[in-house]
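The values are calculated or read from the model by the stated rules, or taken from the named source; none is laboratory data. Here the structure is a predicted model, which is why all the values come from computation and not from measurement. As a convention, Cβ positions derive from the backbone with ideal geometry for all residues, glycine included, and neighbour counts pool all protein chains shown. Only protein heavy atoms, including side chains, enter the accessible area calculation; ligands, DNA and RNA are left aside. Shrake-Rupley method; radii C 1.70, N 1.55, O 1.52, S 1.80 Å.
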Amino acid sequence: MFIKTSIFLETPKTSVYKLLKKFEQYPTFMLGVESIRTVQKSKADIIADWEINVNGTLIKWRQQSQCDDKNHKICFKALAGDFDRYEGMWEVLGDGKGSIIKLAVTLEWGKHIFLPYTELFIARKTEAVLRSMLRSIRRRLIKGSSVEKRNAIISEPIIYRNKYKQKIVGYFDHMKGTALKNPFIIMPPGYGETKRDALSTAYYLAKNGFNVIRYDATDHVGESEGDMVNATMRKMKEDILATIDYVKKTFGPKHIGMVASSLAKRVAIKAAKENQKIHFLLGIVGVVDLQHTLAAVYREDMIGTTLAGKRWPVTDVLGFEVSGNFLETAISDNFHNLTTTLDDVKNLRIPIVFLVAENDVWVKLEDVKLVIEKVKTQKKELHVIAGALHQVFENPKAARTAQKQVVCSSANYLLRKKMKHEDVVEPNLREIALQNRIEKERARLSEIVTIKQEKEFWSEYLTSFTIINKSPDYRSYLNLLTELLEKPKDGSYILDAGCGVGYFGAWLLNTVFTELEHKNLTAFPNTHSHSRYYGVDFVDAALKAAQKDHEDMKIRFLTKRKAPHKIKSFFPCFYENYDLNNDLPFEDSYFDKICCSLLISYLDNPMVTMQELMRVLKRGGTIVVSSLKPFADLSQIYRNFVSAANTETEIIEARKLLSNAGKIKQKGNAGHYHFYTEKELKMLLVIAGGEKVKIFRSLGNQVNVAVASKKR
């Protein structure tokens, strides 16, 4: 397709052309341009790697640009990447009152990316992107670069060591021009989290005049040295103290504050007791009674049993496998219950603030109030975040409220500045997204995962996934999927993409059984003999489990109806071992319905897979795609199930499931997985060619579900 557009500017053509040549500055003022990295450069020739974000999908290519300074032209073409063909020309023409930028582009995506019927949509989208680029250039030239540069947040990588000589990797976030004498705020990572989890809050603080240090803990997840299995609260505390020393020696600020979440808040309280260099302490959903939190999660007093002498070589703590030393040192170092927290805060003389989630199942509001009362200083605050769970960021509205309160309380006690929520300067979402992309890619490259490792992980995960089928929240989720796809008619071809152990297929069969339950099978001997179910996954053990379960279900149903001989002809089911990162082994327009449940987040190239799913879907067919939402909080789902568990075996299996959910979160933090917002999931389907896209929430409000149809 060929597209051209232009724009008039009240700026001399030499200034316009000079800006056009500065490709690496484009990400600072063009929305959607993620990064441009120069690979090779001469006077007239530039080769660079480009990345742009199209509605949540990253498009990459290597581009050669030839600059004709005499005629103010830049000719460009893609050498490699996601385009089959991408070439064009920038041209700047002089005008008596200014200049005109002309942009012409020839673009071909290829059938492996977009289907023919989406061509018009892509043409319109591409033209809109090009016009947006021209408008961005005009805004840049009108405003000038000084304001943009002055308001930019800079994230500088830092490295230092703790007392054990372990390397700590972090970031120093600050506004360009913010004085180093301004207060510093240290953000230790929450338990099982990385510095990237604190990025958004850090940028809120930086935008309002604070210098921020966030880092990965040692013997934890992230880039710092050590493995999570060796994590202890003592080591988390030593990392905080090492960070304080680093800030003092490197920057020498007068005031240092600390913003910590969840279990890190409890550790920060201990650090503040031991180190007088902390001048302000704020906790987001801070744990104050580890014994209660663990008992609430596991329905077992793990601290009590440890005190009684029980020892674990390795145990699960809040979704992560750690050595038994974690609980033992928590007790010996007095981190373990409410009494020790009250003892640690009673002599604190610094301002202390607690933000408590209204619906937190891990932390009791009454306990936090006791801690607040015990603090002797009058500079203390307690704020309840309405509608929030322990994972505050699963609710964007609650997260925004919490972040604004973090800024207001920090400004009050460290800047001596009274602020209301409406006074808070909010960071540019594009800035946050760009830095998040950089850190995610950096994390991903630091830990390469092979296909073999992925298969081993999912094999272990899916074999411990069986208990979830008993969860009321999960069964409600399966019911939603079948309702959105509607009951299958005789002759329906259904694809279960990423079927795992076959729970959706089982629910689908059960829906059919229920419909036929009150009918006489002999009256319709060929019912669903022309229907087909295809389960596709790359884990052999899961496929075998799905096949056995589905066959057993059909045998039970048909035996009850006195028709066991129809086992092969009744709703035939097929199972394919196939990696959904590759092209699907099915003809075009093969399926009437497609279910892609909780899979899309784990694929290497979800865009390509979505295109393949749309290719094999019939015109007028229905597709359902789901993903855990970002910052999903599964603790309530887990508690709901454990509360209804009838046997010790069920509780143990549920713990394994929570542990594996922690591993998925860990791989997400490492940049290997991506969890979709409602908007991202919607746009993924739209770009793939879906129509009438609707979004739903399910699984305890922690999963985004999208349903779409294919154009008839």
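Considering only the stretch 598-616, I want to know if a residue exists there that is more than 25 Å from GLN453 (Cα to Cα), in contact (Cβ under 8 Å) with a residue 60 or more places away in the chain and among the basic types (Lys, Arg). Yes, the stretch 598-616 has at least one match. Among the residues of the stretch 669-681, those identified as buried (at least 17 other Cβ atoms within 10 Å of the Cβ) and out of contact with any Gly (no Cβ under 9 Å at 6 or more places or on another chain) are GLY671, HIS672, TYR673.
Inspect all residues belonging to the stretch 178-187 and state whether any of them is open to solvent by less than 50 Å² (accessible area, probe 1.4 Å), at pLDDT below 95 and in contact with an Asp or Glu (Cβ under 8 Å, 6 or more places away or on another chain). Looking for residues that are open to solvent by less than 50 Å² (accessible area, probe 1.4 Å), at pLDDT below 95 and in contact with an Asp or Glu (Cβ under 8 Å, 6 or more places away or on another chain), one finds none in the stretch 178-187, hence no. Taking every residue in the stretch 204-228 that is farther than 22 Å from LYS663 by Cα and pairing it with any residue that is of a type in the set (A, V, I, L, M, F, W, C) and part of a loop (DSSP other than H, G, I, E, B), at least 6 positions away or on another chain, the pairs with Cβ-Cβ distances below 6 Å are LYS207/VAL425; ASN208/VAL425.
Summed over the stretch 12-31, residues that are at pLDDT below 85 and open to solvent by 20 Å² or more (accessible area, probe 1.4 Å) total 5. Can we say VAL693 is surrounded by fewer than 19 Cβ atoms within 10 Å (Cβ to Cβ), in a helix (DSSP H, G or I) and either among the hydroxyl-bearing types (Ser, Thr, Tyr) or at pLDDT 85 or above (or both)? Here the answer is no, as VAL693 does not meet what is asked. Taken together, the residues in the stretch 204-227 that are aromatic (Phe, Trp, Tyr) and out of contact with any strand residue (DSSP E or B) (no Cβ under 6 Å at 6 or more places or on another chain) amount to 1.
Could you please find all residues in the stretch 250-269 being among the charged types (D, E, K, R) and at pLDDT below 95? Passing the criteria: only LYS254. Remark: pairs (first residue in the stretch 570-583, touching a residue at least 60 places away in the same chain (Cβ under 8 Å); second residue among the polar types (S, T, N, Q) and open to solvent by 70 Å² or more (accessible area, probe 1.4 Å); Cβ separation under 8 Å; 6+ apart in sequence or on different chains) = CYS573/GLN547; TYR575/GLN547. Residues in the stretch 427-457 that are more than 24 Å from TRP50 (Cβ to Cβ) and in a helix (DSSP H, G or I) were compared, and the one that is most open to solvent (accessible area, probe 1.4 Å) is LYS452. Restricting LEU290, LEU307 to residues that are in contact with a His (Cβ under 9 Å, 6 or more places away or on another chain), surrounded by fewer than 21 Cβ atoms within 10 Å (Cβ to Cβ) and on the phi < 0 side of the Ramachandran plot narrows the list to LEU307. Looking only at the stretch 392-426, which residues are open to solvent by 40 Å² or more (accessible area, probe 1.4 Å) and of a type in the set (Val, Ile, Thr)? Within the stretch 392-426, THR401, VAL425 meet the criteria.
Looking only at the stretch 191-208, residues that are small (Gly, Ala, Ser) and at pLDDT below 95 come to 1 in all.
Checked against the criterion of being under 21 Å from the mean Cα position of the chain (by Cα) and modelled with pLDDT under 90, the stretch 420-428 contains one or more residues that satisfy it.
Close contacts from the stretch 2-22, counting a first residue that is under 10 Å from SER99 (Cβ atoms) and a second that is among the acidic types (Asp, Glu) and in a strand (DSSP E or B), with Cβ to Cβ under 9 Å and a gap of 6+ residues or different chains, come to PHE8/ASP95; LEU9/ASP95; LYS13/ASP95.
Let's see how each residue does on (1) out of contact with any helix residue (DSSP H, G or I) (no Cβ under 6 Å at 6 or more places or on another chain); (2) acidic (Asp, Glu):
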site: ALA402; (1), (2): no, no
site: ARG416; (1), (2): yes, no
site: LEU429; (1), (2): yes, no
site: GLU439; (1), (2): no, yes
site: ALA443; (1), (2): yes, no
site: VAL449; (1), (2): yes, no
site: LYS452; (1), (2): yes, no
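Picking from residues in the stretch 319-335 that are open to solvent by less than 20 Å² (accessible area, probe 1.4 Å) and in contact with a Leu (Cβ under 9 Å, 6 or more places away or on another chain), the one that is farthest from ALA272 (Cα to Cα) is GLY319. Just checking, does the stretch 242-249 include any residue being open to solvent by 30 Å² or more (accessible area, probe 1.4 Å), of a type outside the set (Lys, Arg), at pLDDT 95 or above and out of contact with any His (no Cβ under 8 Å at 6 or more places or on another chain)? Taking every residue of the stretch 242-249 in turn, at least one turns out to be open to solvent by 30 Å² or more (accessible area, probe 1.4 Å), of a type outside the set (Lys, Arg), at pLDDT 95 or above and out of contact with any His (no Cβ under 8 Å at 6 or more places or on another chain). Would it be correct to say that PRO472 is over 24 Å from the mean Cα position of the chain (by Cα), open to solvent by less than 20 Å² (accessible area, probe 1.4 Å) and modelled with pLDDT under 90? No, not satisfied. Within the stretch 529-555, the residues that satisfy the criterion of being open to solvent by less than 40 Å² (accessible area, probe 1.4 Å) and within 20 Å of ASP490 (Cβ to Cβ) are SER529, SER531, TYR533, TYR534, GLY535, HIS550, MET553, LYS554.
Per the conditions (1) closer than 30 Å to THR677 by Cα; (2) surrounded by fewer than 21 Cβ atoms within 10 Å (Cβ to Cβ); (3) not acidic (Asp, Glu), the sole criterion not satisfied by SER597 is (2). The residues on offer are ALA272, ALA295, and the sole one that is at pLDDT 95 or above and assigned to a helix (DSSP H, G or I) is ALA272. The strands (runs of 3 or more DSSP E) falling completely within the stretch 531-633 that include 1 or more residues that are among the basic types (Lys, Arg) and at pLDDT 95 or above map to 591-596, 617-628. Residues of the stretch 250-276 that are touching a strand residue (DSSP E or B) at 6+ places or on another chain (Cβ under 6 Å) and open to solvent by 10 Å² or more (accessible area, probe 1.4 Å): SER261 alone. Among the residues of this structure, ASP301 does not count as one that is in contact (Cβ under 8 Å) with a residue 60 or more places away in the chain and either open to solvent by less than 40 Å² (accessible area, probe 1.4 Å) or in contact with a helix residue (DSSP H, G or I) (Cβ under 9 Å, 6 or more places away or on another chain) (or both).
For LEU462, state whether it is aliphatic (A, V, I, L, M) and in a helix (DSSP H, G or I).
yes
Regarding the stretch 369-386, can at least one residue be identified that is closer than 25 Å to LYS277 by Cβ, at pLDDT 95 or above and open to solvent by less than 10 Å² (accessible area, probe 1.4 Å)? Taking every residue of the stretch 369-386 in turn, at least one turns out to be closer than 25 Å to LYS277 by Cβ, at pLDDT 95 or above and open to solvent by less than 10 Å² (accessible area, probe 1.4 Å).
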